[in-house]
1. Heavy atoms of the protein only, probe of 1.4 Å, neighbouring chains included. What is the accessible area of MET298 in Å², nearest 10?
2. Using +1 on the beta carbon of Lys and Arg, -1 on that of Asp and Glu, and nothing else charged, what's the dipole of the range 257-353 about the Cα centre, debye to 20?
3. Find the centroid of the Cα atoms in the range 230-293 and in the range 99-145, then give the distance between the two in whole Å.
4. Quick check: residue separation of GLU215 and GLU82 times 0.36 nm, minus the Cα distance between them. What number comes out in nm?
5. If every alpha-carbon in the range 198-353 counts as one equal scatterer, what log10 I(q)/I(0) does Debye give at q = 0.12, 0.13, 0.14, 0.15 1/Å?
6. How much length, in nm to one decimal, is gained on full extension between GLU168 and SER290, taken as 0.36 nm per residue of separation minus their Cα-Cα distance?
7. Using a 1.4 Å probe and counting only protein heavy atoms, arrange HIS277, HIS244 so the residue with the most accessible area comes first.
8. DSSP loop (so not H, G, I, E, B), at most 16 other Cβ within 10 Å: list which trypsin sites (Lys or Arg not before Pro) in the range 145-240 pass both filters.
Amino acid sequence: MKREIVSQALNLLDERHITQAAVFDPGAIHQLPERIVQMKTKRIISIALAAALILALGIAAYAAWSIHAARQRELKEDFRIEENQVSSYVEYALPDGQEDGLVLLSAVNDGQEQRAYVNISPVSEEEAAAFPDNARYIWRIEGTEIGGSAAPQLPVEMSLSGVEEIREAVRNYSYDKETQTLTLQCLMDVNFLKKAMKELGTESLPLRIDMIIGESEPRTFGPIAFRLTEEQSRYFDFGHAVYHDEELDRDMEIVGLELTPFSAVWKVNYEGAADFHKPGADQEAYGPWSQLEDKVCMEARIVFADGTEFSTGGALTTPFENGTVNQFCGWGSAIDIDAVERIVLGEQVLWQK
């Protein structure tokens with residue numbers, strides 16, 4: 001029931017009836033016939049019960065709306081959206097009523113992956129506790145074979161080990177017992193979504209979530225209309241800078257850096273790079289170059305206007321495309337890509353404002 005309907009219903013009640021229901025005493029009425037007294041008593045009690053029922057429904061609807069709003073607020077704070085001016089982060093309008101199923105909370109495109117955050121309900125305590133060893137969550141685009149893994153959304157700085165630690169964290173941070181709501185993160189390959197758009201001939205994609213507990217049949221939430229969101233990025237051209245590593249005695253060309261609030265792509269090149277990134281490459285010969293690739297991602301420092309520094313961390317993927325090794329790195333909380341002052345590797349300044 002919508003909050004507006006609850007409010008309207010309560011406003012239509014005559015204030016006299018509410019007051020009378022609160023102080024009603026049949027023994028105090030002496031001048032009306034007994035039948036009329038009984039009818040008035042029944043009517044007033046019915047009105048009071050109806051008001052209580054409407055209030056109960058309103059509380060349940062508000063609780064459902066409230067958990068969606070609370071999750072949106074928690075995600076925004078955890079990702080540091082406002083302080084880092086992330087214009088590409090999208091929050092969706094929330095349903096007013098108590099709606100079971102799939103609710104979109106927010107989304108952001110990091111260039112490689114579309115990250116979508118959703119609530120699903122109802123999910124029982126037992127079902128929520130089945131993760132991670134006996135529960136799987138799959139996002140799918142209906143009408144296509146495209147899909148991937150989803151997982152309970154946990155604070156980005158949280159470090160966990162072991163099934164029990166993960167299960168406890170899900171109970172504390174991802175699950176709401178009162179509304180039986182579970183918050184999930186869906187990581188969607190941007191290229192997959194573009195393929196789905198082409199297959200279906202539309203930009204609005206029917207997103208659904210499948211929950212699989214043990215060997216049981218999947219339980220489906222959704223579908224709900226979802227669109228690929230815009231990427232917010234900035235490119236830093238290093239002018240084909242060459243970095244010499246004295247320890248490895250090797251030179252690597254550092255071409256540039258693509259930066260989003262949640263990801264980076266370091267573009268590098270060196271002798272034999274294309275061959276080393278083909279299937280069946282000589283891994284022993286590639287070893288030193290792999291170390292140097294890691295060094296660029298992990299030791300390069302991004303310096304911001306306030307003097308703070310940031311490292312993109314190790315690469316998640318390293319394909320060779322368009323003449324460079326493209327090392328993709330990702331992280332949880334956003335950075336302000338417009339506040340970058342310098343990019344430094346060792347003593348070498350790769351870029352300066």
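The values are calculated or read from the model by the stated rules, or taken from the named source; none is laboratory data. As the structure is a prediction and not an experimental result, all values here were calculated from the model. Neighbour counts are summed over all protein chains in view; Cβ atoms, including those assigned to glycine, are modelled from backbone coordinates with ideal geometry. Just so you know, the surface numbers come from the protein's heavy atoms only, side chains and all, with ligands and any DNA or RNA stripped out. Shrake-Rupley method; radii C 1.70, N 1.55, O 1.52, S 1.80 Å.
1. 110 Å²
2. My answer is approximately 100 debye.
3. 34 Å
4. On the way: separation 133, 0.36 × 133 = 47.88 nm, distance 4.24 nm.
Full-extension gain reported as 43.6 nm.
5. -0.66, -0.73, -0.80, -0.86
6. Working: separation 122, 0.36 × 122 = 43.92 nm, distance 3.74 nm.
Here the segment from GLU168 to SER290 would lengthen by 40.2 nm.
7. HIS244, HIS277
8. Sparse-neighbourhood loop trypsin sites (Lys or Arg not before Pro): LYS177, ARG227.
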